[in-house]
1. May I ask you to verify whether Ala115 is surrounded by 15 or more Cβ atoms within 10 Å (Cβ to Cβ) and either among the β-branched types (Val, Ile, Thr) or in contact with an Asp or Glu (Cβ under 9 Å, 6 or more places away or on another chain) (or both)?
2. For the subset of the range 118-153 comprising residues that are more than 18 Å from the chain's Cα centre (by Cα) and crowded, with 18+ Cβ neighbours inside 10 Å, which member is farthest from Leu73 (Cα to Cα)?
3. Within the range 47-80, how many residues are within 26 Å of Arg122 (Cβ to Cβ), part of a loop (DSSP other than H, G, I, E, B) and of a type outside the set (S, T, N, Q)?
4. Within the range 154-209, count every residue that is surrounded by 18 or more Cβ atoms within 10 Å (Cβ to Cβ), of a type in the set (Phe, Trp, Tyr) and more than 21 Å from Thr132 (Cα to Cα).
5. For the range 76-85, give me each residue that is under 19 Å from Leu43 (Cα atoms) and surrounded by 16 or more Cβ atoms within 10 Å (Cβ to Cβ).
6. How many of the residues in the range 99-117 are within 17 Å of Leu64 (Cβ to Cβ) and under 18 Å from the mean Cα position of the chain (by Cα)?
7. Going by what's in this entry, would Ala22 be described as farther than 23 Å from Val154 by Cβ and either more than 16 Å from the chain's Cα centre (by Cα) or not aromatic (Phe, Trp, Tyr) (or both)?
8. Filter the range 156-170 down to the residues that are in contact (Cβ under 8 Å) with a residue 24 or more places away in the chain and aliphatic (A, V, I, L, M), then identify the one that is nearest to Leu43 (Cα to Cα).
Amino acid sequence: MNIPQRPDHAEWLQRARGHLRAADPVLAGLIDKHPGFDPRAWLAQLPPLDLFGALLFQVAGQQLSVAATRRTLARIENLFGGSLPAADQLLRVDPADLRNAGLSWRKIATLRDLAERFGDGRLNAEAFERLTDDEIIARLTEVPGIGPWTAQGVLIIALDREDVVLPGDLALRKAIRTAYRLDHLPTPDEVLAMAEPWRPYRSLATSYLFTAAYNEAHSDSAAV
């Protein structure tokens with residue numbers, strides 16, 4: 001299973017933008033500022049990902065920047081002959097080789113646990129397509145080392161679920177503080193409350209906020 005993209009992606013994007021523009025004036029400004037933004041375009045910069053690959057990406061990226069995560073993924077690809085491993089391939093490699101590729105022992109343990117669950121059927125990509133977001137999060141967070149942030153990221157990346165928000169994500173909370181000119185860092189509960197009008201397109205709203213924060217940070221660093 002490769003990462004899906006809905007066949008009506010362009011129409012969906014237009015419809016979702018229209019909803020968010022009407023629902024939230026701050027998002028309306030971000031949408032107008034980034035007219036060509038495609039929330040899934042950045043995935044083209046990553047190696048091909050199936051569900052297990054998306055989990056590998058998310059676990060590898062815990063507490064790392066996207067750039068650092070990409071470097072780790074590149075070393076893992078080299079270890080497996082130029083592509084990311086399937087679950088059974090990861091189980092066959094010496095864990096020390098994964099450590100040398102840049103993964104911590106904790107992340108290696110998490111990935112091996114995930115791989116075992118894919119191997120024995122406790123986790124199944126086709127079954128995930130029939131589950132709700134909450135059901136998938138519950139299944140994934142049974143694995144030590146997988147928290148809501150990791151599971152929610154997989155919903156967006158691997159399953160293209162359109163109504164996901166990451167209320168505990170520090171980068172998102174900072175992006176909201178900046179975009180909405182708040183005098184404090186919003187709590188996860190405040191993020192959820194602010195995101196309520198974005199339904200059923202909270203994933204796209206989140207992507208716009210991340211992009212705005214990223215662009216602002218890079219424009220500031222370029223000006224120094």
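1. Values: surrounded by 15 or more Cβ atoms within 10 Å (Cβ to Cβ): yes; either among the β-branched types (Val, Ile, Thr) or in contact with an Asp or Glu (Cβ under 9 Å, 6 or more places away or on another chain) (or both): yes.
Criteria met by Ala115.
2. Leu123
3. Final tally of qualifying residues: 5.
4. 1
5. To start, the set of residues in the range 76-85 that are under 19 Å from Leu43 (Cα atoms) comprises 76-77, 82-85.
Ile76, Leu84, Pro85 - these are the residues of the range 76-85 that are under 19 Å from Leu43 (Cα atoms) and surrounded by 16 or more Cβ atoms within 10 Å (Cβ to Cβ).
6. 3
7. On the way: farther than 23 Å from Val154 by Cβ: yes; either more than 16 Å from the chain's Cα centre (by Cα) or not aromatic (Phe, Trp, Tyr) (or both): yes.
Considered against the rule, which asks whether it is farther than 23 Å from Val154 by Cβ and either more than 16 Å from the chain's Cα centre (by Cα) or not aromatic (Phe, Trp, Tyr) (or both), Ala22 comes out as yes.
8. Step one: of the range 156-170, the residues in contact (Cβ under 8 Å) with a residue 24 or more places away in the chain are 156-167.
Within this subset, residues satisfying the condition of being aliphatic (A, V, I, L, M) are 156-159, 164-166.
Details: Ile156: 11, Ile157: 8, Ala158: 10, Leu159: 13, Val164: 17, Val165: 18, Leu166: 18 Å.
The selected residue is Ile157.
The values are calculated or read from the model by the stated rules, or taken from the named source; none is laboratory data. Worth saying up front: this structure is predicted, and the values here are computed from it rather than measured. Don't worry about glycine lacking a Cβ; one is built from the backbone with ideal geometry, like all the others, and counts go over all protein chains shown.
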